[in-house]
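Novice: Have a look at this one.
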Amino acid sequence: MASQEWMTKDFYQVLGVAKDASDAEIKKAYRKLARTHHPDQNPGDEAAEKRFKEITEAYTVLGDPEQRKEYDAVRAMGGGARFAAPGGGSAGGFEDIFGDMFGGARGGGRFSSSGGAGPDLSDLFGAFTGGGFGGPGQADFGGQTGFGQQPASKGADRQATTTISFRESLEGTRLRLRAGDGEVTEVKIPAGIADGKKVRARGKGSPGAAGRGDLIVTVQVREHEFFRRDGENLRIVVPVTFAEAALGATISVPTLADPVRVKVPAGSSSGKVLRLKGRGVPAKNGAGDLLVELEVAVPADLDDQAREALEAFAAATAGQDVRADLHRKAQW
């Protein structure tokens, strides 16, 4: 995008955030607005489609620290400098031409400007040529060579945003991204990538006199219903019965691979965490751990035999006060 276009567009206002908003605030605002105005949610609504394009364009700039810095600089200058990406104009956006389900085949997640998106509302690709003030396509005024000629520079970087499944983030995957001009680029997503991380495909950006720039893909990871990421570790919550927690037991626990048998120590309470080494997020220096948090499940319905047994237990433990130290801890 040429910087003169940036002068006429207030991307902060488009996303409804302050100019000093954090990266997390910008990302949260984008996701909320994108879900609301996505063409699949508003079939045939041209205004919603136009609004969706504006939102995606704004996030493509503000969601990338380098482009946001350039954008703020150009806006602050009041338009005094006007640089464009090599070749002039935009190089077009990238979009994922393969949708995905958890572990399923691709093919249903394509998004296009005509509103023919698949069911995956989060697989939104916004991309355009970089450059602008301070960008890779900027002329080096301090390094002119013979007869006032400027040294050749590489083409501008392109930006894209994609969403992958939780499983793909752990195992790694390959995506095929299509630019607005029809060019298809395959990008390798490494195993263990975290939400919000960027992948750089070198030489896949805009062309320039000294070679092509890079394609920078921001990866967003869908949350999983059961597994939750905690750095290089994974967390799960596993219910146990009162008897298992009180007396101890060996239970089956799901992992990323096959289920494993885990020993629950006698006297365990809700919130106790058991650690399974090497069952977490894959990493170069070895996988993280799987943290199993126990949750004591209280039965909603009891038959007469179970009720009598619990009443007998309550009578046998009547002298125990589990809240004896509670008020002391609550003192200011």
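Novice: Can you tell me how many residues within segment 266-283 are out of contact with any Asp or Glu (no Cβ under 7 Å at 6 or more places or on another chain) and under 26 Å from D301 (Cα atoms)?
Specialist: 5
Novice: Further question: Would you mind telling me which numbered condition in (1) over 16 Å from the mean Cα position of the chain (by Cα); (2) part of a helix (DSSP H, G or I); (3) not hydroxyl-bearing (S, T, Y) L170 fails?
Specialist: (1)
Novice: A follow-up question, please. Restricting attention to segment 178-226, report how many residues are within 30 Å of I236 (Cβ to Cβ) and part of a loop (DSSP other than H, G, I, E, B).
Specialist: Residues flagged as within 30 Å of I236 (Cβ to Cβ) and part of a loop (DSSP other than H, G, I, E, B) within segment 178-226 amount to 13.
Novice: For segment 287-305, indicate whether the set of residues that are assigned to a helix (DSSP H, G or I) and modelled with pLDDT of 90 or more is non-empty.
Specialist: Yes, there is a match, as at least one residue in segment 287-305 is assigned to a helix (DSSP H, G or I) and modelled with pLDDT of 90 or more.
Every residue, every condition in (1) surrounded by 11 or more Cβ atoms within 10 Å (Cβ to Cβ); (2) charged (D, E, K, R), yes or no:
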| site | (1), (2) |
| --- | --- |
| K272 | yes, yes |
| D289 | yes, yes |
| D303 | no, yes |
| A318 | no, no |
| K329 | no, yes |
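The values are calculated or read from the model by the stated rules, or taken from the named source; none is laboratory data. Values in this document were obtained by computation on a predicted structure and should not be read as measured data. Note: ideal-geometry Cβ built from the backbone for every residue, glycine included; neighbour counts use all protein chains shown.
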